[in-house]
Amino acid sequence: MRASTQRDPHTSADVIVIGAGLAGLVAACEVVDAGQTVLILDQEGPNNLGGQAWWSFGGLFLVDSPEQRRLGVKDSLELARRDWELTAGFDRPEDYWPRLWAQKYVEWAAGEKRAWLRERGVSFFPVVGWAERGERGGIGNTVPRFHITWGTGPGLLKPFIERILRAASTGQVRFGWRHRLHQLHLDSETGAVTGVSGEILAPDNAERGEATSREVVGSFNLSCPRVIIATGGIGGNPDKVREAWPERLGSAPEHFLTGVPAYVDGSGIEAVERSGGRVINRDRMWHYTEGVENWGPVWPSHGIRILPGPSSLWLDAEGNRLPDRLWPGFDTLGTLTHLRHTGHDYSWFILNRDIIGKEFALSGSEQNPDLTDKSVRDVLRRARTDMPDPVRAFVYQGADFVMADSVRDLADEMNQLTGEGLIDVEQLEAIVAERDAGASSAGVDAQADAVREARAYSGDRLIRTVAPNKLVDPASGPLIAVRLHVLTRKTLGGLETDLNGRVLRDGGDPVPGLFAAGEASGFGGGGVHGYRSLEGTFLGGCLFSGMKAGRAATRADDAPESA
């Protein structure tokens with residue numbers, strides 16, 4: 001097909017937003033609310049409106065919320081600040097803007113964030129989760145802060161999509177689907193943005209999340225003085241993940257699963273970098289070790305993350321128990337680092353039916369239809385069933401699950417699954433016996449004691465954590481082993497931005513008229529999380545950075561917010 005160049009005057013707008021995910025939509029809503037026009041470009045088609053957020057569990061980090069207080073959780077802005085600083089571990093000159101973004105974000109999470117969302121019709125499941133469990137004075141959340149959006153990712157997206165579609169019906173918003181950014185155009189004298197250009201991809205009606213054609217059928221060249229980059233990170237591009245993988249995490253996996261669609265390829269960040277925007281902290285990343293192959297994959301190497309409670313026994317590929325504090329749900333980056341130094345690309349959970357029934361949740365809107373569909377009846381049914389239907393589907397259809405009635409038989413099943421024969425039966429029996437002894441008596445096993453501590457929080461006791469019990473107990477069902485893979489998720493670094501979301505050059509000067517939001521900007525500043533995330537902060541980072549960039553892009557003076 002012959003290529004063509006698009007220079008359509010009807011597509012001119014006050015602001016161009018590149019990326020139709022959550023951050024881009026929030027930014028576009030701010031432009032619309034300011035009475036200005038916006039053109040939204042995206043390399044995918046309309047089936048992917050909402051981007052990665054549509055697939056999310058909808059977890060949001062809130063501080064001292066009514067939901068926390070109703071459950072007896074005592075939280076504060078000061079405690080949240082301390083948790084964030086200790087967990088992030090900011091230690092570089094480049095962390096100047098990320099640290100300021102972190103301070104502002106935590107203040108927002110403790111202040112207007114919940115009311116801002118409630119005004120838009122977003123509500124929350126009443127039980128607050130405890131992700132990245134920390135202990136006082138250490139890394140992680142020292143109290144539960146993981147608020148699940150009622151409606152999961154689609155529920156969070158809904159008010160922003162509806163606002164944009166209403167504006168589109170009046171012409172205030174226009175879309176340029178299948179438009180892939182290649183270059184930003186800058187004024188030769190002022191260095192200010194004057195427009196964007198790129199490639200038009202062939203139409204493709206693939207379902208949401210499926211890989212689409214990269215056939216180029218044309219090009220575009222659009223003039224605009226304000227551009228917001230919201231194109232996401234690199235998690236769907238295995239080559240870029242390996243290229244950015246830092247030595248401190250050990251070797252990059254030869255095989256890993258992807259937790260985001262293939263279009264999350266980093267191309268937008270590269271386009272801005274070619275035009276002088278500065279990328280910082282590209283070696284900081286957030287991947288999970290509890291990934292399982294999706295038995296019904298949507299995108300290439302599609303993995304699903306298990307959101308585990310604290311009771312499963314965690315072993316490396318050779319059957320060695322992981323060190324204390326590297327228990328399920330505690331320290332994501334610490335666990336990743338430990339496992340990447342074992343020389344193997346997988347690890348194991350050992351558990352039983354009682355544990356998997358209460359403690360396994362699967363990340364993603366499609367894996368939680370009760371919450372996504374806002375069905376109180378189905379949520380109550382989940383609480384009463386021995387195993388949620390999505391989890392049951394993985395147990396019986398997933399490639400990474402094996403079951404047996406004895407430890408010896410389970411070891412055989414594990415070795416048959418991998419074909420490597422690394423699990424020693426006697427060693428596994430001894431580890432299980434040691435773990436089960438702790439289930440009967442306090443002070444014997446540190447993980448069992450941590451489970452008891454978790455159950456002191458009513459939210460865990462009600463729906464997320466079983467009472468300490470023996471793995472080898474016929475009344476608790478068969479033994480289950482789950483092979484776990486590294487699952488890509490988020491890049492924590494990105495385009496360096498000031499508190500207005502303005503993209504900065506080397507040396508710290510802003511590119512006039514150029515803004516970035518969401519994962520492309522490291523969720524603010526080029527890395528608001530530092531080295532580690534407190535969870536529930538990726539969607540929230542898209543909301544906050546999208547709001548800030550959208551508001552700044554509508555101001556004529558382009559003046560920076562003070563620190």
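The values are calculated or read from the model by the stated rules, or taken from the named source; none is laboratory data. Please read these numbers as outputs of a predicted model, since none were measured by experiment. A quick note on method: Cβ atoms are made from the backbone with ideal geometry, for glycine too, and the neighbour counts reach across all protein chains shown. Calculation scope for accessible area: heavy atoms of the full protein, side chains included, ligands and nucleic acids excluded. Shrake-Rupley method; radii C 1.70, N 1.55, O 1.52, S 1.80 Å.
Structure notes:
- Boolean, ARG555 is among the basic types (Lys, Arg), over 30 Å from GLY153 (Cβ atoms) and at pLDDT below 95: yes
- Cross-chain or 6+ apart pairs with Cβ under 8 Å, region 149-176 first and free of Cβ contacts under 8 Å to residues at least 60 places away in the same chain, then among the aromatic types (Phe, Trp, Tyr): ALA168/PHE175
- Close pairs from region 362-379: first in contact (Cβ under 8 Å) with a residue 12 or more places away in the chain and farther than 23 Å from TYR288 by Cα, partner of a type in the set (Gly, Ala, Ser) and open to solvent by less than 10 Å² (accessible area, probe 1.4 Å), Cβ under 6 Å, at least 6 apart: LYS374/GLY151
- Residue match in region 143-161 (condition: in a helix (DSSP H, G or I), among the basic types (Lys, Arg) and open to solvent by 10 Å² or more (accessible area, probe 1.4 Å)): yes
- Taken over region 411-446, residues that are farther than 14 Å from ASN320 by Cβ and either of a type in the set (Ser, Thr, Tyr) or part of a loop (DSSP other than H, G, I, E, B) (or both) amount to 10.
- Residue count for region 447-492, restricted to those that are under 25 Å from the mean Cα position of the chain (by Cα), surrounded by fewer than 22 Cβ atoms within 10 Å (Cβ to Cβ) and of a type in the set (D, E, K, R): 1
- Any hit, region 418-432, residues being surrounded by fewer than 19 Cβ atoms within 10 Å (Cβ to Cβ), closer than 21 Å to PHE394 by Cβ, under 32 Å from the mean Cα position of the chain (by Cα) and polar (S, T, N, Q): yes
- Residue within region 494-501 that is surrounded by fewer than 24 Cβ atoms within 10 Å (Cβ to Cβ), outside any loop (DSSP other than H, G, I, E, B) and modelled with pLDDT of 95 or more present: no
- Failed item, numbered, when MET414 is tested on (1) loosely packed, with under 15 Cβ neighbours inside 10 Å; (2) modelled with pLDDT of 95 or more: (1)
- Pairs with Cβ under 6 Å, 6+ apart, first in region 256-270 and over 21 Å from HIS485 (Cβ atoms), second of a type in the set (S, T, N, Q) and in a loop (DSSP other than H, G, I, E, B): GLY266/ASN237; GLY268/THR231
- In region 447-479, the residue that is farthest from PRO323 (Cα to Cα) out of those that are among the charged types (D, E, K, R) and assigned to a loop (DSSP other than H, G, I, E, B) is ASP473.
- Failed criterion for ARG166 (all others in (1) more than 25 Å from GLY35 (Cα to Cα); (2) surrounded by fewer than 16 Cβ atoms within 10 Å (Cβ to Cβ); (3) not small (Gly, Ala, Ser) hold): (1)
- Test: residue in region 552-563 that is open to solvent by 30 Å² or more (accessible area, probe 1.4 Å), under 30 Å from ASP316 (Cα atoms) and over 18 Å from the mean Cα position of the chain (by Cα): no
- Check on VAL391, touching a strand residue (DSSP E or B) at 6+ places or on another chain (Cβ under 8 Å) and either open to solvent by 10 Å² or more (accessible area, probe 1.4 Å) or not in a loop (DSSP other than H, G, I, E, B) (or both): yes
- Scanning region 260-271 for residues that are open to solvent by 10 Å² or more (accessible area, probe 1.4 Å), within 19 Å of the chain's Cα centre (by Cα) and not hydroxyl-bearing (Ser, Thr, Tyr) returns ALA262, ASP265, ILE269.
- Conditions (1) outside any helix (DSSP H, G or I); (2) within 19 Å of the chain's Cα centre (by Cα); (3) β-branched (Val, Ile, Thr); number of the one not met by VAL73: (2)
- Region 202-242, residues that are in contact (Cβ under 8 Å) with a residue 40 or more places away in the chain, surrounded by fewer than 16 Cβ atoms within 10 Å (Cβ to Cβ) and out of contact with any strand residue (DSSP E or B) (no Cβ under 9 Å at 6 or more places or on another chain): ASN205, ALA206, GLU207, ALA211
- Test result for GLY176, within 15 Å of LEU49 (Cα to Cα), part of a strand (DSSP E or B) and open to solvent by less than 30 Å² (accessible area, probe 1.4 Å): yes
- In region 433-477, the residues that are in contact (Cβ under 8 Å) with a residue 60 or more places away in the chain and β-branched (Val, Ile, Thr): VAL451, ILE463, THR465, VAL466, VAL472
- Candidate set: region 110-142, residues that are basic (Lys, Arg) and at pLDDT 95 or above; chosen: the one most open to solvent (accessible area, probe 1.4 Å): ARG118
- Of the residues examined, GLU94 is not one that is within 24 Å of GLY334 (Cβ to Cβ), open to solvent by 20 Å² or more (accessible area, probe 1.4 Å) and free of Cβ contacts under 8 Å to residues at least 24 places away in the same chain.
- Flag for TRP245 being buried (at least 17 other Cβ atoms within 10 Å of the Cβ) and farther than 28 Å from LEU543 by Cβ: yes
- Counted as qualifying within region 274-365 are the strands (runs of 3 or more DSSP E) with 1 or more residues that are in contact with an Asp or Glu (Cβ under 8 Å, 6 or more places away or on another chain), within 25 Å of SER406 (Cα to Cα) and open to solvent by less than 10 Å² (accessible area, probe 1.4 Å), namely 285-293, 303-308, 346-352.
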